[in-house]
Amino acid sequence: MNGLVFADRVPDPALADVAHVHQPLHARAVDLARGEIEITNWQEFSDLSAFEGRWQVTDGEKTILGGPPDLKLAPRDTTS
């Protein structure tokens with residue numbers, strides 16, 4: 001019972017916690033009115049050039065702001 005997946009291949013509830021902790025990047029809203037988000041690269045040795053993404057702010061029906069984030073971020077660095 002020490003693993004993240006039981007012998008019958010049922011995932012342990014802690015597996016979701018481990019997946020969150022091992023995420024290579026983190027994004028948070030800084031000022032959504034200006035479209036400013038903060039991205040942190042948690043990787044030790046790699047930049048984020050292998051990733052691509054998109055973000056958008058909606059009013060519930062239509063997109064107000066959005067676009068691809070700048071993912072040229074050095075290891076253990078943060079940008080807004």
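The values are calculated or read from the model by the stated rules, or taken from the named source; none is laboratory data. Note that the structure is a prediction, hence the values are computed from the model and not measured. Here Cβ is always computed from backbone atoms with ideal geometry, including for glycine, and neighbour counts include all displayed protein chains. For accessibility, only protein heavy atoms count, side chains too; no ligands or nucleic acids. Shrake-Rupley method; radii C 1.70, N 1.55, O 1.52, S 1.80 Å.
The table for this structure:
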{"read-out": "Qualifying positions in the stretch 6-60 - assigned to a helix (DSSP H, G or I) and modelled with pLDDT under 80", "value": "32, 33, 34"}
{"read-out": "Where a residue in the stretch 10-32 is closer than 27 Å to residue 45 by Cα and its partner, wherever it lies, is open to solvent by 80 Å² or more (accessible area, probe 1.4 Å) and polar (S, T, N, Q), with Cβ under 6 Å and at least six apart", "value": "30/80"}
{"read-out": "Residue that is open to solvent by 40 Å² or more (accessible area, probe 1.4 Å) and hydrophobic (A, V, I, L, M, F, W, C), where the choices are 65, 48", "value": "65"}
{"read-out": "Counted residues, the stretch 22-67 - those being under 30 Å from residue 4 (Cα atoms) and of a type in the set (Lys, Arg)", "value": "1"}
{"read-out": "When residues of the stretch 68-80 are limited to those that are part of a loop (DSSP other than H, G, I, E, B) and open to solvent by less than 100 Å² (accessible area, probe 1.4 Å), the one nearest to residue 4 (Cα to Cα)", "value": "75"}
{"read-out": "Residue list for the stretch 24-45, restricted to those being under 11 Å from the mean Cα position of the chain (by Cα) and open to solvent by 80 Å² or more (accessible area, probe 1.4 Å)", "value": "26, 28, 42"}
